[in-house]
Structure formats: structure tokens, C-alpha cells
């Protein structure tokens, strides 16, 4: 038997130990850890602002002072073995392209992978992701629910840059526990919709003022299964309705609704 | 993911540079505070 002094891949403690070590190092460089998201670190020095975001071993750095960013990189190089990948191009399978207009984010490769995995590369295109929701708890149960669950899981990840499928995916994910044949057909329709424009993503404009806007809407007793109402909520950090930053939809627990 | 989204959006509208770093063998960096024992794999010689 040997006693371990350092963590090794495969240990269950490993991710926590790595993050606590990283946090210690970054806090020593007078960064403040965000209370809203522990993987976000911010350093203010007069008007200079440097922001660091970490996801396991991927680090994203931004800020208004290039010297401070360089300094931070050098500091991290002294503490860890780090590869500098330069400008942000790919982060968690999100492709990032920058131009004068702004930053374009898309998940083209990921979308194509989903289409390929479903065997729909040669399928006929459809122009919209879902017909009016008539999905209910009827129909033949799927023999292997895992295929449906995996597909919807992939679609959920794709909604990061595809708010146009958010609603359809939200409906599909209601049936994750007990998927049936009509649900699978509806999910594959979303895949066929993706095929019409797999590179579709979001353009984050460079000439936008950072104003937070919120929108909401509701559909009274719209769910055919429970007769419950559906409410939707959308928050975007822009004044204009030109892209969606975050969309949430959830069932309200109202069965009766006063008019 | 919302944080990543917001950060990219802010960097876009304020024209901030966005850089990416990748830590090699990140998980080998952690220090262990608790006692963990393992038997060395067979074939390992000191």
C-alpha cells in the first residue's frame, strides 16, 4: 500500500482539490470570487477591470486593460503548466467568431453531430421545429428510452446558441421519464429542422448598450395533458429584441386562471 | 453557461479582448488534505 501525496486522475476528490488549489492561487492575486457564480473571478484596480472565468481546466480571460490581462497570464504561467490558446475560438463546443459587427457564437459542429447521430444527414428539411403541441401520454412506449433521452439531452445543450428551438426542446423534455413513439417523431422533426441551418447561431452586436430587458408571455391552459397554463420568460442584456440571451419556460401550477 | 454567455456579450459590446487558456494535466495539481491509500498497479517497480 502507498499513501498518496498528490491527487491523481480517477480519484473522486480530484476535481474539488484542483478547484480549491486554483481558487487559492487566484485569490492570492487579489481577485474577488463572485458569489453568484463561484467560477467567476473579478479584479478591480482603479479603472482597470480583469475578469477570469474557469470551467474545469478551460480558462477565459477578458477585461478592459490588456496589460493587466498579460500580467495575469504570466502569473498563471508561474503557477501552473498552461497552454495559451490566444483569442477565444472554441469554448465547451461553442464556436466563437469575431468581426467588427460583434461576436458570433454557434454550435455548428455539435448540431451536425446530432444530425449525423440520428442518421438524418440525407433527410428532408422542415421549416419549423414543432407543430402545435399535441403531445400527450399516449402512444407506444419506446423500447429503449435512452436513445430519446440522449437526443433530448443533446438538444438541450444546443439551445445555448439556438433559442429558436428552446420551446420545442422544453416540450420534449417533459417526456424524458417515459418517452413514447410520437415523442420520438417530434424530436426527430427538430433534428430535421436543424438540418436546414446547422450553423445558425447568435450575433452579439458590438454597438449595443448594456440594458437588461425582460419579456414574458403565457398560454392559458395550453397543455393538453394537464390543462395547466404555460408561462415563458426571457431576459436579454440588450435594449432591443434582436437576440435572446436566456430563455426560461416553465409550467405554472395554475389550473384555474382568473380572467 | 449563463455566465459564459453574459461574459461574451459584454466583451462584444465593450470591445474587450477575449483570451483562452488551457491548463494541462489540471487534475494533477491538487493537493490532498486527507489520507488516501492505494495499492500500486501490478508491474510497477520502485
If one builds a Gaussian network model of chain A from Cα atoms under 10 Å apart, the most fluctuating residue listed among A:126, A:190, A:14 is A:14
Alpha-carbon Rg with Dmax, taken over the protein assembly as shown, Å: 23.2, 79
Give the separation of the Cα centroids, segment A:164-200 to segment A:40-74, in Å. 38 Å
Using Cα springs under 10 Å in a Gaussian network model of chain A, which residue among A:107, A:181, A:74 shows the largest mean-square fluctuation? A:74
List the relative contact order of segment A:108-202 as a percent without decimals, with contacts defined as Cα pairs under 8 Å and 6+ residues apart. 51 percent
So residue A:209 and residue A:33, fully extended at 0.36 nm per residue minus their Cα-Cα distance, gain in nm 60.8 nm
0 to 90° range, to nearest 10: angle between helix A:66-79 axis and chain A longest Cα axis: 80 degrees
So if I restrict to the alpha-carbon atoms in chain B, what is the Rg, and what is Dmax, the biggest pairwise distance, in Å? 20.5, 57
Full-extension gain in nm, residue A:128 to residue A:81, via 0.36 nm per residue minus C-alpha separation: 12.2 nm
Among A:61, A:165, which comes first, then next, by fewest other beta-carbon atoms within 10 Å? A:165, A:61
Give the whole-number value, in cubic angstrom per residue, of the convex hull volume spanned by the C-alpha atoms of segment A:86-228. 143 Å³
Calculate the mean, over all residues of peptide A:7-14, of how many other protein chain Cβ atoms lie within 10 angstrom of the residue's Cβ. 5
Tell me whether segment A:14-86 comes out rounded, prolate or oblate; compute the Cα gyration tensor, take square roots of the eigenvalues as a ≥ b ≥ c, and use a/c under 1.5 as the rounded threshold. oblate
Taking segment A:14-86 and dividing mean pair separation by its residue count, relative contact order in percent (alpha carbons under 8 Å, at least six apart): 17 percent
Tally the DSSP beta bridges in segment A:4-110 and give the antiparallel ones as a percent, rounded to 5. 100 percent
Hey, what number do you get for chain A at 222 nm if only DSSP H runs of n ≥ 4 count, each worth -39500 (n - 2.57), divided across all residues, to the nearest 500? -9000 deg cm²/dmol
Extension gain (nm, one decimal) between residue A:24 and residue A:156, 0.36 nm per residue minus Cα-Cα: 44.2 nm
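None of the figures in this text is laboratory data; all of them are computed from the coordinates on show. Here the structure is a predicted model, which is why all the values come from computation and not from measurement. Please note: Cβ atoms are built from the backbone with ideal geometry, for glycine as well, and neighbour counts cover all protein chains shown.
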